[in-house]
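All remarks here apply to the structure that follows.
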Amino acid sequence: MDSELVAAVRRFNRTVTQRVGALDDEYMTRGRPLAQARLLWEIGPGGAEVAALRARLGLDSGYLSRLLRTLEGDGLVTVGPADQAGGDGRVRVATLTEAGQAKWVELDKRSDEFAWSILEPLTERRRERLAAAMAEVERLLVSSMVVIEPCPPSDPRARACVRAYARDVTRRFDDGFDPALSNPVHDEELVPPAGVFLLATLNAEPVACGAVKLHRDAPAEIKRVWVAETVRGLGIGRRMLGELERYAAERGWTAVRLDTNRNLTEAVAMYRSAGYHEIEAYNTEHYAHHWFEKHLAMESD
């Protein structure tokens, strides 16, 4: 890792921490630390499931419970089973009290004022530059928060991704998508040592997937690369592709190949830019128009 890059990130973190007031004991001078204020904001007027809050904020269960107890003790929040609102009684939900609603409105107003205090000293051009730079930083930070890990293809999250993939291609293929016409991919082909299914998550929510089949005496084959619309454009697809290639290379495969449909123009462009070259058809996939292959570089010991 480049030490200058690390140092730049640390400088940025220190500047932002100081500017947003994260070091103050009373965030926005309202007598409440930043963690409590952020949690109050995330619960919001509509309430939120405790598990969703934990995933969204990346908080330890114990720490989140302590924060909620503090807000409850201050009369701002109630925590109870969802069946109080006709939902699943096993799910705990945090809801703002009337006093909590008033605090939320005040926090919302002060957040606007604080944002303006950052912009106000700048010229119009510099405000636009800052807003654009912040948007780019946010995109890159979100991308860095995505975690890619092996996942059983039978896992409900994996199933959800595959269903989302099918919905996407149904909308984009010329004649829709009928799984019965496509070459099947069986679960047992996507578990070690036959292959692997990789799942990408953001705040514990699945946002992308991909798989590779390790064929004997043939190149490895990449299947089911899908990225949710909410994170497209962040480089997640390219990163997933690289992880699948790395998985095959580390197990001794020297080439990887795949097929794709002509209507998936972004995918075709990604494969070409990633070093794949077009080859003759190697299978009878009904929905394929392009077949690609890439030679994998073997890492030295």
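The values are calculated or read from the model by the stated rules, or taken from the named source; none is laboratory data. For clarity, every value in this text was computed on a predicted model and none was experimentally measured. Quick reminder, even Gly has a Cβ in these numbers, built from the backbone with ideal geometry, and neighbours come from all protein chains shown. We work out accessible area using only protein heavy atoms, side chains counted, and drop any ligands, DNA or RNA first. Shrake-Rupley method; radii C 1.70, N 1.55, O 1.52, S 1.80 Å.
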Quiz item: What does the accessible area of W291 come to, in Å² to the nearest 10, when a probe of 1.4 Å is used?
Solution: 40 Å²
Quiz item: If you compute log10 I(q)/I(0) by the Debye sum over Cα atoms at q = 0.08, 0.09 Å⁻¹ for the structure shown, which of [x] -0.52, -0.65; [y] -0.33, -0.42; [z] -0.47, -0.58 do you land on?
Solution: [x]
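Please give the net charge around I222, taking every other residue with its beta carbon less than 11 angstrom from that of I222, where Lys and Arg add +1 and Asp and Glu add -1.
Around I222, the charge tally is 0.
Calculate, for the chain, the solvent-accessible area per residue in square angstrom, rolling a 1.4 angstrom probe over the heavy atoms of the protein chains.
On the way: 17980 Å² over 301 residues.
Heavy-atom accessible area per residue stands at 60 Å².
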Practice problem: Please work out the Cα convex hull volume for the stretch 146-295 and give it in Å³ per residue. | Solution: 106 Å³
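Could you please state how large a percent of the accessible area of the chain is carbon and sulfur, counting protein chains only and using a 1.4 Å probe? Kindly include the intermediate steps, with their values, before the conclusion.
Values: 9340 of 17980 Å².
The computed percentage sits at 52.
Report the local net charge at A274: Lys and Arg +1, Asp and Glu -1, summed over other residues whose C-beta lies under 14 Å from its C-beta.
On the way: positive: R238, R239, R246, R257, R272, K294; negative: E243, E245, E266, E278, E293.
For residues surrounding A274, the net value is +1.
Using a Förster radius of 41 Å, what is the FRET efficiency between H289 and V142 based on their Cβ-Cβ separation? Nearest 0.05, please. All intermediate terms of the calculation are to be shown ahead of the outcome.
On the way: r = 32 Å, r/R0 = 0.79.
Taking R0 as 41 Å, the efficiency between H289 and V142 is 0.80.
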Exercise. Please give the net charge around W291, taking every other residue with its beta carbon less than 10 angstrom from that of W291, where Lys and Arg add +1 and Asp and Glu add -1.
Key: -4
Quiz prompt | Solvent-accessible surface (1.4 angstrom probe) belonging to E42, in square angstrom, nearest 10 | solution = 40 Å²
Quiz item: Can you work out the FRET efficiency for the pair T265 and A204, with r the C-beta to C-beta distance and R0 = 30 Å, to the nearest 0.05?
Solution: 0.45
Self-check item: Degrees separating the helix 236-250 axis from the principal Cα axis of the chain, which is the longest one
Solution: 50 degrees
Quiz item: Rounded to the nearest 0.05, what FRET efficiency do M134 and T70 have when you use their Cβ-Cβ distance and R0 = 30 Å?
Solution: 0.50
Self-check item: Whole-Å distance, taken between Cα centres, linking the stretch 55-75 and the stretch 224-301
Solution: 42 Å
Quiz item: Could you state the number of Å between the C-alpha centres of the stretch 139-170 and the stretch 101-120?
Solution: 35 Å
